[in-house]
Amino acid sequence: LSRPELLPEDPVARSLLDSASNQAKRLKTLIEDLLTVSKIDNQALPIRLQIADLGQILTGLLERVPAWSDHVDLALSPRLPPVAVDPDHFDRVITNLLDNAHKYASDSPVEVTARAVDEEVWVSVIDHGEGIPFEYEETIFERFTQIERADTRFKGGTGLGLNIVKDLTEAMHGRVWLEATPGGGATFIIAMPRTEQDAEVILEVGDGMLLVDPSRDRVEAPVNMDDLPASGDSPIAE
């Protein structure tokens, strides 16, 4: 109905279509968040760790979203060491943090920085809004936690975004925490351990996940060899 040849001329009808589209997007986000949380809980979320340059990932992410490229300042330290991350999950982490900054500090600039600190690479998402109230600092990464303020309540949300940030970051062997931005605002810092450039790609599989190998037309699952009966002549697993 939103296609030009089908779009109604009545402005009220157009307004209703816009409202329906916005609510559909909110529902889609809610479903995706719930599915992600469910997979994490059931250890069914695959983690494909790859050697990557976080600077390239961040640059590509901001270029794919024109609205962010206009309102987000990216500052990268030179010669960032490589890290092992799942690019899709890392994209989700940064996207959630930028969405959160836009929601709670929409009128303030947002900065994304990346720098090497000891044996880690720190990526900071910095806003200059009102910041996180003291009473939420200990629970901000818990599920269904939402800051109740008159200026943000109408924007909705699932209360799962920051919890997903924490769970995905820790699944990639990183850590995340909150700091106050000097002068006002919130700074979320993601720290990923540096790795060697020639390290192997790793696929980490949880207990609740099945792997499908299309080249062999079969399903594989993690197996504890001690749980299988011994066999003297024939192999029981490859």
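The values are calculated or read from the model by the stated rules, or taken from the named source; none is laboratory data. Quick caveat: nothing in here was measured; it's all calculated off a predicted structure. So basically every Cβ, Gly included, is an ideal-geometry build from the backbone, and we count neighbours across all protein chains shown. Only protein heavy atoms, including side chains, enter the accessible area calculation; ligands, DNA and RNA are left aside. Shrake-Rupley method; radii C 1.70, N 1.55, O 1.52, S 1.80 Å.
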Seminar exercise, completed: Excluding ligands, DNA and RNA, the carbon-plus-sulfur percentage of the accessible area of the range 11-147 with a 1.4 Å probe reads 52 percent
For this session: Go through 158-164, 14-20 and give me the packing order, highest mean Cβ count within 10 Å leading.
Result: 158-164, 14-20
For this session: Extending each Cα 7 Å along its Cβ direction at D118 and L1, get the distance between those two points in nm, one decimal.
Result: 5.6 nm
Exercise. Under a point spin-label approximation (7 Å from Cα along Cα-to-Cβ), what is the A180-E9 distance to one decimal in nm?
Worked result: 5.9 nm
Exercise. Quick one: length gained pulling Y136 to H173 fully straight, 0.36 nm per residue minus the C-alpha distance?
Worked result: 10.8 nm
For this session: Let me know the shape class of the range 62-104, please: from the alpha-carbon gyration tensor, a ≥ b ≥ c as square roots of the eigenvalues, rounded when a/c is under 1.5, otherwise prolate if a/b is greater than b/c, or oblate.
Result: oblate
